[in-house]
Ligand code: AMP
(Lines give C-alpha, C1' and ligand atoms only; values in the text may rest on other atoms or scores of the structure.)
Protein backbone atom coordinates (compact mmCIF):
# COMPACT_ATOMS: atom_id res chain seq x y z
CA UNK A 1 0.00 0.00 0.00
CA UNK A 2 1.27 3.49 -0.84
CA UNK A 3 2.28 5.58 2.17
CA UNK A 4 -0.76 7.49 3.38
CA UNK A 5 -0.57 11.24 3.19
CA UNK A 6 -2.00 11.65 6.67
CA UNK A 7 -0.78 9.62 9.60
CA UNK A 8 -0.67 10.12 13.35
CA UNK A 9 2.01 12.62 14.39
CA UNK A 10 5.37 11.04 15.28
CA UNK A 11 5.27 9.30 18.65
CA UNK A 12 1.46 9.32 18.84
CA UNK A 13 -0.88 6.41 18.27
CA UNK A 14 -4.51 5.48 17.75
CA UNK A 15 -6.11 3.44 20.48
CA UNK A 16 -8.09 0.98 18.40
CA UNK A 17 -11.20 -0.97 19.39
CA UNK A 18 -9.09 -4.04 20.22
CA UNK A 19 -6.88 -1.89 22.48
CA UNK A 20 -9.81 -0.31 24.30
CA UNK A 21 -10.48 -3.46 26.33
CA UNK A 22 -7.02 -3.16 27.88
CA UNK A 23 -7.30 0.56 28.55
CA UNK A 24 -10.76 0.10 30.05
CA UNK A 25 -9.51 -2.66 32.31
CA UNK A 26 -6.65 -0.46 33.54
CA UNK A 27 -9.06 2.41 34.22
CA UNK A 28 -11.64 0.21 35.96
CA UNK A 29 -9.02 -1.50 38.15
CA UNK A 30 -7.45 1.81 39.15
CA UNK A 31 -10.86 3.31 39.92
CA UNK A 32 -11.89 0.33 42.02
CA UNK A 33 -8.80 0.55 44.20
CA UNK A 34 -8.79 4.33 44.51
CA UNK A 35 -12.44 4.17 45.57
CA UNK A 36 -11.54 1.59 48.17
CA UNK A 37 -8.72 3.73 49.62
CA UNK A 38 -10.90 6.87 49.71
CA UNK A 39 -9.45 8.85 46.78
CA UNK A 40 -11.67 11.17 44.72
CA UNK A 41 -11.17 11.63 41.00
CA UNK A 42 -10.06 14.97 39.61
CA UNK A 43 -9.69 16.13 35.99
CA UNK A 44 -7.57 19.14 35.14
CA UNK A 45 -7.29 20.81 31.70
CA UNK A 46 -4.96 19.41 29.04
CA UNK A 47 -3.48 22.91 28.70
CA UNK A 48 -1.81 24.67 31.60
CA UNK A 49 0.33 27.76 31.81
CA UNK A 50 3.91 27.01 30.78
CA UNK A 51 5.22 28.69 33.89
CA UNK A 52 3.47 26.16 36.15
CA UNK A 53 5.88 23.45 35.01
CA UNK A 54 8.93 25.70 34.73
CA UNK A 55 8.52 26.64 38.40
CA UNK A 56 7.58 23.21 39.71
CA UNK A 57 9.19 20.51 37.58
CA UNK A 58 12.25 22.74 37.29
CA UNK A 59 14.00 24.79 34.60
CA UNK A 60 16.94 22.43 34.24
CA UNK A 61 15.02 19.20 33.84
CA UNK A 62 14.61 17.23 30.61
CA UNK A 63 10.86 17.80 30.67
CA UNK A 64 11.10 21.59 30.78
CA UNK A 65 14.28 21.97 28.74
CA UNK A 66 13.47 19.64 25.88
CA UNK A 67 10.11 17.97 26.08
CA UNK A 68 7.33 20.51 26.45
CA UNK A 69 4.78 21.23 23.73
CA UNK A 70 4.70 24.90 24.64
CA UNK A 71 3.09 27.61 22.51
CA UNK A 72 1.60 31.08 22.57
CA UNK A 73 -2.20 31.38 22.37
CA UNK A 74 -3.89 33.99 20.16
CA UNK A 75 -4.27 36.07 23.31
CA UNK A 76 -0.52 35.92 23.92
CA UNK A 77 -0.48 33.50 26.90
CA UNK A 78 2.24 30.87 27.01
CA UNK A 79 0.58 27.48 27.51
CA UNK A 80 1.74 23.88 27.36
CA UNK A 81 0.19 20.48 26.67
CA UNK A 82 0.60 19.11 30.18
CA UNK A 83 3.69 16.89 30.50
CA UNK A 84 2.76 15.47 33.92
CA UNK A 85 -0.07 15.43 36.44
CA UNK A 86 1.26 16.40 39.85
CA UNK A 87 1.81 20.13 39.31
CA UNK A 88 -1.71 20.60 37.80
CA UNK A 89 -3.33 18.71 40.70
CA UNK A 90 -1.40 20.84 43.20
CA UNK A 91 -2.48 23.97 41.31
CA UNK A 92 -6.10 22.76 41.47
CA UNK A 93 -5.75 22.07 45.20
CA UNK A 94 -4.86 25.71 45.90
CA UNK A 95 -7.13 27.24 43.27
CA UNK A 96 -10.21 25.40 44.52
CA UNK A 97 -9.71 26.09 48.20
CA UNK A 98 -8.93 22.49 49.12
CA UNK A 99 -6.46 23.88 51.67
CA UNK A 100 -9.41 24.44 53.99
CA UNK A 101 -10.85 20.95 53.57
CA UNK A 102 -10.01 18.19 56.09
CA UNK A 103 -6.43 17.10 55.34
CA UNK A 104 -5.02 15.13 53.70
CA UNK A 105 -6.91 15.57 50.44
CA UNK A 106 -6.63 12.38 48.38
CA UNK A 107 -7.05 12.77 44.64
CA UNK A 108 -6.56 10.55 41.61
CA UNK A 109 -6.56 11.27 37.88
CA UNK A 110 -6.41 9.57 34.50
CA UNK A 111 -5.69 11.14 31.13
CA UNK A 112 -3.31 11.93 28.27
CA UNK A 113 0.08 13.61 28.76
CA UNK A 114 2.53 15.00 26.24
CA UNK A 115 6.31 15.00 26.06
CA UNK A 116 8.40 15.77 23.01
CA UNK A 117 10.67 12.78 23.52
CA UNK A 118 12.57 10.63 21.05
CA UNK A 119 10.01 7.92 20.26
CA UNK A 120 11.04 4.35 20.97
CA UNK A 121 9.41 1.21 22.35
CA UNK A 122 7.36 2.23 25.40
CA UNK A 123 8.14 5.92 24.90
CA UNK A 124 5.54 8.08 23.20
CA UNK A 125 4.90 11.76 22.70
CA UNK A 126 1.28 11.36 23.73
CA UNK A 127 0.76 8.73 26.40
CA UNK A 128 -1.64 8.10 29.25
CA UNK A 129 -1.04 8.12 32.94
CA UNK A 130 -3.16 7.54 35.93
CA UNK A 131 -1.87 8.83 39.20
CA UNK A 132 -2.72 9.83 42.73
CA UNK A 133 -1.73 12.56 45.15
CA UNK A 134 -2.14 12.79 48.93
CA UNK A 135 -1.89 16.46 49.83
CA UNK A 136 -1.65 17.89 53.33
CA UNK A 137 0.10 15.27 55.46
CA UNK A 138 3.76 14.49 56.08
CA UNK A 139 3.27 11.06 57.68
CA UNK A 140 5.43 8.33 56.05
CA UNK A 141 2.33 6.17 56.23
CA UNK A 142 1.09 7.97 53.12
CA UNK A 143 4.33 7.35 51.22
CA UNK A 144 3.83 3.69 52.03
CA UNK A 145 0.12 3.68 51.16
CA UNK A 146 0.84 5.33 47.80
CA UNK A 147 3.26 2.50 46.99
CA UNK A 148 0.88 -0.17 48.27
CA UNK A 149 -2.04 1.08 46.17
CA UNK A 150 0.17 1.25 43.11
CA UNK A 151 1.48 -2.25 43.77
CA UNK A 152 -2.02 -3.62 44.31
CA UNK A 153 -3.38 -2.09 41.10
CA UNK A 154 -0.53 -3.59 39.07
CA UNK A 155 -0.97 -6.93 40.77
CA UNK A 156 -4.72 -6.90 40.08
CA UNK A 157 -3.81 -6.29 36.43
CA UNK A 158 -1.80 -9.54 36.59
CA UNK A 159 1.58 -7.88 36.09
CA UNK A 160 4.14 -10.28 37.45
CA UNK A 161 7.55 -9.98 39.14
CA UNK A 162 6.98 -6.45 40.37
CA UNK A 163 9.70 -4.74 42.30
CA UNK A 164 9.82 -1.30 43.90
CA UNK A 165 13.05 0.70 43.74
CA UNK A 166 13.16 3.20 46.54
CA UNK A 167 15.50 5.88 47.84
CA UNK A 168 15.45 9.11 49.82
CA UNK A 169 16.91 12.23 48.28
CA UNK A 170 16.61 14.19 51.51
CA UNK A 171 15.06 17.59 51.98
CA UNK A 172 16.21 21.20 51.72
CA UNK A 173 18.21 20.80 54.95
CA UNK A 174 20.38 17.85 53.97
CA UNK A 175 20.35 17.77 50.18
CA UNK A 176 22.79 20.66 49.92
CA UNK A 177 25.46 18.67 51.75
CA UNK A 178 24.95 15.72 49.43
CA UNK A 179 25.13 17.90 46.33
CA UNK A 180 28.43 19.33 47.58
CA UNK A 181 29.82 15.83 48.09
CA UNK A 182 28.67 14.71 44.65
CA UNK A 183 30.14 17.79 43.04
CA UNK A 184 33.47 17.14 44.75
CA UNK A 185 33.40 13.52 43.60
CA UNK A 186 32.66 14.47 39.98
CA UNK A 187 35.15 17.34 39.84
CA UNK A 188 38.00 15.40 38.20
CA UNK A 189 35.74 13.04 36.26
CA UNK A 190 33.89 15.62 34.18
CA UNK A 191 35.64 14.74 30.93
CA UNK A 192 34.54 11.11 31.24
CA UNK A 193 30.86 12.04 31.58
CA UNK A 194 28.51 12.26 28.59
CA UNK A 195 27.81 15.73 27.16
CA UNK A 196 24.43 15.96 28.90
CA UNK A 197 25.95 15.06 32.26
CA UNK A 198 28.76 17.58 31.85
CA UNK A 199 26.02 20.18 31.60
CA UNK A 200 23.91 18.60 34.35
CA UNK A 201 26.83 18.64 36.75
CA UNK A 202 26.65 22.45 36.55
CA UNK A 203 22.88 23.02 36.36
CA UNK A 204 21.21 20.12 38.16
CA UNK A 205 23.80 17.79 39.57
CA UNK A 206 21.43 15.17 41.00
CA UNK A 207 20.30 14.38 37.46
CA UNK A 208 23.73 12.91 36.72
CA UNK A 209 22.64 9.97 38.91
CA UNK A 210 19.72 9.43 36.57
CA UNK A 211 21.80 9.08 33.38
CA UNK A 212 21.40 5.88 31.38
CA UNK A 213 24.73 6.16 29.49
CA UNK A 214 26.97 3.19 30.40
CA UNK A 215 30.07 5.34 30.93
CA UNK A 216 28.16 7.64 33.31
CA UNK A 217 26.63 4.67 35.13
CA UNK A 218 30.11 3.28 35.69
CA UNK A 219 31.23 6.52 37.34
CA UNK A 220 28.01 6.88 39.32
CA UNK A 221 28.36 3.43 40.84
CA UNK A 222 31.34 4.80 42.83
CA UNK A 223 29.65 8.09 43.82
CA UNK A 224 28.68 9.03 47.37
CA UNK A 225 25.20 7.86 48.30
CA UNK A 226 22.30 10.13 49.29
CA UNK A 227 21.52 7.88 52.25
CA UNK A 228 24.81 8.75 53.98
CA UNK A 229 23.92 12.45 53.94
CA UNK A 230 20.34 12.35 55.22
CA UNK A 231 19.45 14.47 58.24
CA UNK A 232 17.85 12.79 61.25
CA UNK A 233 14.32 13.59 60.18
CA UNK A 234 14.78 12.30 56.60
CA UNK A 235 16.55 9.19 57.87
CA UNK A 236 13.67 8.37 60.22
CA UNK A 237 11.15 9.06 57.49
CA UNK A 238 12.83 6.58 55.15
CA UNK A 239 13.18 4.03 57.92
CA UNK A 240 9.46 4.16 58.66
CA UNK A 241 8.48 3.84 55.00
CA UNK A 242 10.70 0.77 54.67
CA UNK A 243 9.34 -0.78 57.85
CA UNK A 244 5.81 -0.35 56.57
CA UNK A 245 6.74 -1.93 53.23
CA UNK A 246 8.24 -4.89 55.02
CA UNK A 247 5.13 -5.22 57.19
CA UNK A 248 2.98 -5.31 54.06
CA UNK A 249 5.38 -7.64 52.23
CA UNK A 250 5.98 -5.33 49.29
CA UNK A 251 9.20 -6.42 47.53
CA UNK A 252 11.62 -3.51 47.26
CA UNK A 253 15.23 -2.70 46.51
CA UNK A 254 16.92 0.21 48.22
CA UNK A 255 18.55 1.97 45.27
CA UNK A 256 20.99 4.62 46.52
CA UNK A 257 21.26 6.25 43.09
CA UNK A 258 17.58 6.60 42.32
CA UNK A 259 16.64 10.23 41.86
CA UNK A 260 13.76 11.32 39.67
CA UNK A 261 13.81 13.64 36.72
CA UNK A 262 11.79 16.36 38.42
CA UNK A 263 12.91 19.02 40.86
CA UNK A 264 10.00 19.00 43.28
CA UNK A 265 10.78 15.72 45.03
CA UNK A 266 11.91 15.56 48.66
CA UNK A 267 12.64 12.54 50.84
CA UNK A 268 11.04 9.40 49.35
CA UNK A 269 11.39 8.66 45.65
CA UNK A 270 10.43 5.37 44.05
CA UNK A 271 9.90 3.57 40.78
CA UNK A 272 8.19 0.29 40.01
CA UNK A 273 9.41 -2.10 37.36
CA UNK A 274 9.26 -5.79 36.58
CA UNK A 275 12.20 -8.10 37.01
CA UNK A 276 11.76 -10.03 33.78
CA UNK A 277 15.34 -10.17 32.50
CA UNK A 278 17.81 -11.57 34.92
CA UNK A 279 19.47 -8.59 36.47
CA UNK A 280 18.60 -6.36 33.52
CA UNK A 281 17.25 -2.92 34.35
CA UNK A 282 13.75 -2.41 32.92
CA UNK A 283 11.90 0.68 31.80
CA UNK A 284 9.88 1.85 34.76
CA UNK A 285 6.15 1.25 34.80
CA UNK A 286 5.46 3.86 37.42
CA UNK A 287 7.14 6.36 39.64
CA UNK A 288 6.51 8.82 42.39
CA UNK A 289 7.56 10.15 45.73
CA UNK A 290 7.14 12.90 48.27
CA UNK A 291 7.12 16.53 47.19
CA UNK A 292 6.89 18.73 50.26
CA UNK A 293 8.29 21.78 48.44
CA UNK A 294 5.94 21.81 45.45
CA UNK A 295 3.23 23.84 47.19
CA UNK A 296 5.75 26.58 47.88
CA UNK A 297 6.82 26.71 44.24
CA UNK A 298 3.22 26.90 43.01
CA UNK A 299 1.40 28.95 45.63
CA UNK A 300 4.05 30.19 48.05
CA UNK A 301 2.69 27.89 50.75
CA UNK A 302 4.50 24.75 51.85
CA UNK A 303 2.19 21.76 52.09
CA UNK A 304 3.47 18.20 52.58
CA UNK A 305 2.36 15.78 49.88
CA UNK A 306 3.22 12.61 48.04
CA UNK A 307 2.01 10.79 44.97
CA UNK A 308 2.63 8.49 42.04
CA UNK A 309 2.06 8.24 38.29
CA UNK A 310 1.65 5.11 36.20
CA UNK A 311 2.28 4.81 32.46
CA UNK A 312 -0.78 3.17 30.95
CA UNK A 313 0.80 2.25 27.58
CA UNK A 314 3.56 0.37 29.38
CA UNK A 315 1.04 -1.44 31.58
CA UNK A 316 -1.03 -2.40 28.54
CA UNK A 317 2.09 -3.79 26.86
CA UNK A 318 2.84 -5.91 29.93
CA UNK A 319 -0.76 -7.14 30.03
CA UNK A 320 -0.48 -8.19 26.38
CA UNK A 321 2.86 -9.92 27.07
CA UNK A 322 1.23 -11.80 29.96
CA UNK A 323 -1.88 -12.70 27.89
CA UNK A 324 -4.13 -11.10 30.47
CA UNK A 325 -7.79 -11.82 29.79
CA UNK A 326 -9.58 -8.53 29.19
CA UNK A 327 -12.75 -9.77 27.47
CA UNK A 328 -15.91 -8.31 28.88
CA UNK A 329 -18.16 -9.11 25.94
CA UNK A 330 -21.62 -10.17 26.92
CA UNK A 331 -22.87 -12.63 24.33
CA UNK A 332 -26.20 -12.02 22.64
CA UNK A 333 -29.18 -13.95 23.97
CA UNK A 334 -31.39 -13.79 20.88
CA UNK A 335 -30.98 -13.33 17.12
CA UNK A 336 -33.31 -11.03 15.22
CA UNK A 337 -33.80 -12.05 11.55
CA UNK A 338 -35.84 -10.10 9.04
CA UNK A 339 -36.79 -10.40 5.40
CA UNK A 340 -37.84 -7.31 3.45
CA UNK A 341 -38.22 -3.58 4.12
CA UNK A 342 -41.39 -3.63 6.28
CA UNK A 343 -39.97 -6.43 8.44
CA UNK A 344 -36.73 -4.50 8.82
CA UNK A 345 -38.60 -1.52 10.29
CA UNK A 346 -40.49 -3.81 12.63
CA UNK A 347 -37.21 -5.48 13.58
CA UNK A 348 -35.83 -2.13 14.69
CA UNK A 349 -38.81 -1.62 17.00
CA UNK A 350 -38.40 -5.09 18.48
CA UNK A 351 -34.69 -4.47 19.01
CA UNK A 352 -35.63 -1.46 21.16
CA UNK A 353 -38.03 -3.62 23.16
CA UNK A 354 -35.23 -6.10 23.89
CA UNK A 355 -32.95 -3.22 24.93
CA UNK A 356 -35.56 -1.96 27.39
CA UNK A 357 -35.74 -5.49 28.78
CA UNK A 358 -31.91 -5.45 29.12
CA UNK A 359 -31.46 -8.33 26.68
CA UNK A 360 -28.65 -8.42 24.17
CA UNK A 361 -29.64 -8.95 20.53
CA UNK A 362 -27.54 -10.04 17.56
CA UNK A 363 -28.69 -9.11 14.07
CA UNK A 364 -27.61 -8.68 10.47
CA UNK A 365 -29.86 -5.88 9.30
CA UNK A 366 -27.76 -5.35 6.18
CA UNK A 367 -28.54 -8.86 4.87
CA UNK A 368 -31.92 -10.00 3.57
CA UNK A 369 -31.24 -13.69 3.01
CA UNK A 370 -32.82 -15.82 5.74
CA UNK A 371 -30.33 -18.59 5.05
CA UNK A 372 -27.45 -16.22 5.71
CA UNK A 373 -29.03 -14.89 8.89
CA UNK A 374 -29.73 -18.36 10.29
CA UNK A 375 -26.18 -19.43 9.52
CA UNK A 376 -24.93 -16.37 11.39
CA UNK A 377 -27.13 -17.18 14.42
CA UNK A 378 -25.73 -20.70 14.31
CA UNK A 379 -22.17 -19.44 14.17
CA UNK A 380 -22.80 -17.21 17.17
CA UNK A 381 -24.28 -20.19 19.05
CA UNK A 382 -27.62 -18.46 19.61
CA UNK A 383 -30.50 -20.88 20.03
CA UNK A 384 -33.52 -18.58 19.80
CA UNK A 385 -34.10 -16.70 16.56
CA UNK A 386 -36.97 -14.30 16.00
CA UNK A 387 -37.93 -14.23 12.30
CA UNK A 388 -40.10 -11.54 10.78
CA UNK A 389 -40.95 -11.59 7.06
CA UNK A 390 -43.37 -9.39 5.07
CA UNK A 391 -46.37 -11.55 6.05
CA UNK A 392 -45.48 -11.58 9.76
CA UNK A 393 -44.85 -7.82 9.76
CA UNK A 394 -48.32 -7.18 8.26
CA UNK A 395 -50.08 -9.67 10.55
CA UNK A 396 -48.25 -8.46 13.70
CA UNK A 397 -46.82 -11.86 14.42
CA UNK A 398 -43.32 -13.36 14.57
CA UNK A 399 -41.82 -16.78 14.12
CA UNK A 400 -39.58 -18.09 16.86
CA UNK A 401 -37.16 -20.75 15.72
CA UNK A 402 -35.30 -23.07 18.03
CA UNK A 403 -32.00 -23.61 16.23
CA UNK A 404 -31.23 -26.83 18.04
CA UNK A 405 -34.47 -28.64 17.23
CA UNK A 406 -35.41 -26.67 14.09
CA UNK A 407 -38.90 -26.27 15.54
CA UNK A 408 -40.71 -23.03 14.65
CA UNK A 409 -43.81 -21.44 16.19
CA UNK A 410 -45.78 -18.26 15.63
CA UNK A 411 -46.55 -15.77 18.38
CA UNK A 412 -48.04 -12.25 18.52
CA UNK A 413 -45.33 -9.58 18.26
CA UNK A 414 -46.21 -8.03 21.61
CA UNK A 415 -45.31 -11.33 23.32
CA UNK A 416 -41.81 -11.72 21.77
CA UNK A 417 -39.73 -10.46 24.70
CA UNK A 418 -41.79 -12.36 27.27
CA UNK A 419 -41.64 -15.59 25.22
CA UNK A 420 -37.88 -15.40 24.60
CA UNK A 421 -37.24 -14.73 28.29
CA UNK A 422 -39.37 -17.78 29.17
CA UNK A 423 -37.51 -20.01 26.70
CA UNK A 424 -34.08 -18.90 27.91
CA UNK A 425 -35.15 -19.59 31.50
CA UNK A 426 -36.33 -23.09 30.56
CA UNK A 427 -33.10 -23.80 28.70
CA UNK A 428 -30.91 -22.90 31.67
P1 AMP B 1 7.11 10.21 35.21
O2 AMP B 1 5.94 11.16 35.12
O3 AMP B 1 8.24 10.61 34.31
O4 AMP B 1 7.49 9.91 36.60
O5 AMP B 1 6.61 8.83 34.59
C6 AMP B 1 5.74 7.97 35.23
C7 AMP B 1 5.46 6.80 34.32
O8 AMP B 1 4.83 7.28 33.13
C9 AMP B 1 6.70 6.10 33.83
O10 AMP B 1 7.09 5.12 34.74
C11 AMP B 1 6.24 5.51 32.52
O12 AMP B 1 5.53 4.29 32.75
C13 AMP B 1 5.24 6.53 32.02
N14 AMP B 1 5.86 7.40 30.99
C15 AMP B 1 6.63 8.49 31.19
N16 AMP B 1 6.99 9.04 30.01
C17 AMP B 1 6.44 8.27 29.05
C18 AMP B 1 6.45 8.31 27.62
N19 AMP B 1 7.08 9.25 26.95
N20 AMP B 1 5.76 7.34 26.95
C21 AMP B 1 5.09 6.39 27.62
N22 AMP B 1 5.06 6.30 28.96
C23 AMP B 1 5.72 7.23 29.67
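The values are calculated or read from the model by the stated rules, or taken from the named source; none is laboratory data. Remember, predicted model here, so these are calculated numbers, not experimental data. Using ideal geometry, Cβ is built from the backbone for each residue, glycine included, and neighbour counts are taken over all protein chains shown.
Here are a few things to note about the model shown:
- Taken over region 379-399, the residue count meeting the criterion of being within 24 Å of residue 428 (Cβ to Cβ) and touching a strand residue (DSSP E or B) at 6+ places or on another chain (Cβ under 9 Å) is 9.
Condition check ((1) in contact with a helix residue (DSSP H, G or I) (Cβ under 9 Å, 6 or more places away or on another chain); (2) within 16 Å of residue 116 (Cα to Cα); (3) modelled with pLDDT under 95) across all residues:
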site	(1), (2), (3)
46	no, yes, no
58	yes, no, yes
61	yes, yes, yes
64	yes, yes, yes
77	yes, no, no
80	yes, yes, no
87	yes, no, no
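- Where residue 339 falls short, out of the listed (1) crowded, with 16+ Cβ neighbours inside 10 Å; (2) within 30 Å of residue 161 (Cα to Cα): (2)
- You will find that of 241, 259, the residue that is assigned by TED's automatic domain parsing to the domain that holds residue 169, part of a helix (DSSP H, G or I), closer than 23 Å to residue 305 by Cβ and in contact with a helix residue (DSSP H, G or I) (Cβ under 7 Å, 6 or more places away or on another chain) is 241 and no other.
- Any hit, region 64-78, residues being touching a residue at least 24 places away in the same chain (Cβ under 8 Å), away from the ligand (no atom under 12 Å from the Cβ), surrounded by 14 or more Cβ atoms within 10 Å (Cβ to Cβ) and more than 19 Å from residue 309 (Cβ to Cβ): no
- The lone exception for residue 52 - which of (1) within 30 Å of residue 152 (Cβ to Cβ); (2) in a helix (DSSP H, G or I) it fails: (1)
- In a residue-by-residue description of region 15-33, the property of being within 16 Å of the ligand (Cβ to nearest atom), closer than 25 Å to residue 106 by Cα and more than 22 Å from the chain's Cα centre (by Cα) applies to no position.
- Filter result (under 24 Å from residue 92 (Cβ atoms) and either in a loop (DSSP other than H, G, I, E, B) or not assigned by TED's automatic domain parsing to the domain that holds residue 145 (or both)) within region 1-49: 37, 38, 39, 42, 43, 44, 45, 46
- Pairs, first touching a residue at least 40 places away in the same chain (Cβ under 8 Å) in region 299-319, second within 10 Å of the ligand (Cβ to nearest atom) and part of a helix (DSSP H, G or I), C-beta under 9 Å, six or more apart: 305/86; 307/86; 309/86
- Check on residue 38, closer than 23 Å to residue 295 by Cα, buried (at least 20 other Cβ atoms within 10 Å of the Cβ) and in contact with a strand residue (DSSP E or B) (Cβ under 8 Å, 6 or more places away or on another chain): no
- Matching option when the condition is touching a helix residue (DSSP H, G or I) at 6+ places or on another chain (Cβ under 9 Å) and closer than 19 Å to residue 352 by Cβ, among 388, 394: 388
- Helices (runs of 4 or more DSSP H) fully within region 107-209 counting 2 or more residues that are more than 25 Å from residue 247 (Cα to Cα): 175-186, 195-203
- Restricting 401, 423 to residues that are surrounded by 13 or more Cβ atoms within 10 Å (Cβ to Cβ), under 12 Å from residue 334 (Cβ atoms) and not assigned by TED's automatic domain parsing to the domain that holds residue 338 narrows the list to 423.
- Considering only residues in region 104-136 that are surrounded by fewer than 16 Cβ atoms within 10 Å (Cβ to Cβ) and more than 13 Å from residue 312 (Cβ to Cβ), the one that is nearest to the ligand (Cβ to nearest atom) turns out to be 123.
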